[in-house]
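The values are calculated or read from the model by the stated rules, or taken from the named source; none is laboratory data. From a predicted model like this one, the values you see are computed outputs, not experimental measurements. All Cβ positions, even for glycine, are placed from backbone atoms using ideal geometry, and neighbour counts span all protein chains on display. To get the accessible areas, we keep the full protein, side chains included, count just its heavy atoms, and leave off ligands, DNA and RNA. Shrake-Rupley method; radii C 1.70, N 1.55, O 1.52, S 1.80 Å.
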Amino acid sequence: MESGKRKREKQTKKKKMNNNKRRRKHDQSQQTLPLKPSSFLDKMKARLSSGHFRMINEKLYTCTGDQALHYFNQDPYLFNLYHSGYQQQMSHWPVQPLDTIIQWIKSRGPSLVVADFGCGDARLAKSVKNKVFSFDLVSNDPSVIACDMSNTPLESFSVDVAVFCLSLMGTNFPSYLQEAHRILRLGGWLLIAEVKSRFDPNNGGADPNNFLKATCDLGFASVSKDFSNKMFLLFFFQKKKKQSSVKKEIEWPQLKPCVYKRR
Ligand code: SAH
């Protein structure tokens with residue numbers, strides 16, 4: 001007969017062994033099982049967030065800047081979602097229009113004061129030595145001023161270059177150009193890069209000549225344009241040194257919303 005003490009010792013040893021066995025089994029399952037479900041989950045997450053990106057993107061092209069500001073203010077997380085989708089889309093473009101603009105600013109020297117309208121992650125400001133005022137609907141960086149860019153806090157005639165890189169999104173985009181016109185010095189530069197499909201009259205897009213004419217009626221002179229890239233158009237304007245005192249009724253063409261295909 002085993003003594004009670006021995007019996008209890010044996011039982012605890014058996015329990016420990018079983019526990020260890022169970023733990024090993026659990027650990028193994030933790031090492032092998034997650035691979036499949038997590039890759040499936042990752043795929044689902046990616047699909048959901050790209051769907052979400054397309055929805056936010058479409059919203060931004062079909063509402064006013066004011067409404068967009070309200071939309072992001074209610075849930076700033078949507079702005080981050082939008083920007084990760086945006087970066088993902090841009091990674092397929094062979095040339096980034098922002099890089100062309102950065103090169104242009106660098107070639108003009110660091111003394112020009114720049115306003116970046118719809119700056120996103122403020123890469124422009126981080127890439128040049130110039131003083132850059134960066135505006136966007138949400139500020140994720142202390143250097144970015146959060147506002148609707150039809151109403152910036154800058155003084156009139158205070159900047160040398162106004163940049164719009166893929167940011168003429170709102171249905172009220174003429175009011176953004178009007179704001180740029182207000183803050184630019186006489187002779188100051190207006191640089192616009194926009195998605196090519198928005199200016200394809202054969203596909204519901206605007207006629208680039210009508211856009212040029214309207215921008216000139218606002219008080220700019222068209223200096224040059226570059227339509228050679230297959231993804232985007234570039235326009236270079238200068239604020240006329242002599243501004244007309246008569247305010248013209250400007251006929252702005254509608255810019256077609258840029259909606260992304262499902263990948
Ligand atoms: N210029 C940047 C980001 C382009 S994405 C780049 O080239 O990388 C377009 C940006 O314009 C978005 O960040 C969007 O939030 C901003 N935007 C659109 N409408 C705006 C408005 N009314 N006021 C301020 N920013 C706006």
For CYS63, residues with placed amide H under 5 Å, excluding near neighbours: THR171
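What do you get for GluC sites (Glu not before Pro) in region 125-200 restricted to DSSP loop and a cutoff of at most 16 other Cβ within 10 Å of the site's Cβ? Walk me through the numbers before you get to the answer.
Numbers: sites: GLU155, GLU179, GLU194; in loops: GLU155.
Here the GluC sites (Glu not before Pro) that fit, given the DSSP loop and packing criteria, are GLU155.
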Mean separation of Cα contacts under 8 Å, 6 or more apart, over the residue count of region 110-253: relative contact order %: 19 percent
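Add +1 for every Lys or Arg and -1 for every Asp or Glu among the other residues with Cβ under 12 Å from the Cβ of MET90, and state the total. Before the final figure, lay out the partial values.
Values: positive: ARG123; negative: ASP99, ASP121.
Combined, the nearby Lys, Arg, Asp and Glu give -1.
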Signed unit charges on C-beta, dipole axis of region 164-227, positive-most listed residue ALA193, THR171, VAL223: VAL223
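Compute the Rg/Rh shape ratio of region 74-197: radius of gyration over Kirkwood radius, all on alpha-carbon atoms. Display every interim value, and only then the final one.
Numbers: Rg = 14.0 Å, Rh = 14.8 Å.
Looking at region 74-197, the ratio lands at 0.94.
When ligands, DNA and RNA are left out and all protein chains stay put, how many square angstrom of accessible area per residue does region 120-263 have with a 1.4 Å probe? Each step should come with its number before you reach the end.
Numbers: 7290 Å² over 144 residues.
For region 120-263, the solvent-accessible area averages 51 Å² per residue.
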Amide hydrogen neighbours beyond the local backbone of PHE133, cut-off 5 Å, H modeled: VAL114, ALA115, ASP116
Karplus-derived HN-Hα couplings along region 172-180 (A = 6.51, B = -1.76, C = 1.60, θ = phi - 60°), whole Hz, x at Gly and Pro: 9, 3, x, 6, 6, 5, 5, 5, 4
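Between GLN243 and SER143, what length in nm is gained on full extension when 0.36 nm per residue of separation is reduced by their alpha carbon distance? Please report the intermediate quantities before stating the final value.
Values: separation 100, 0.36 × 100 = 36.00 nm, distance 3.23 nm.
Length gained, GLN243 through SER143: 32.8 nm.
Multiplying the sequence separation of MET231 and HIS70 by 0.36 nm and subtracting their Cα-Cα distance, what value in nm do you get? Please list the in-between numbers first.
Details: separation 161, 0.36 × 161 = 57.96 nm, distance 3.00 nm.
Extra length available between MET231 and HIS70 comes to 55.0 nm.
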From phi via Karplus (6.51, -1.76, 1.60), per-residue ³J(HN,Hα) for region 88-102 in Hz, x at Gly/Pro: 4, 5, 5, 5, 8, 7, x, 10, 8, x, 4, 5, 5, 5, 4
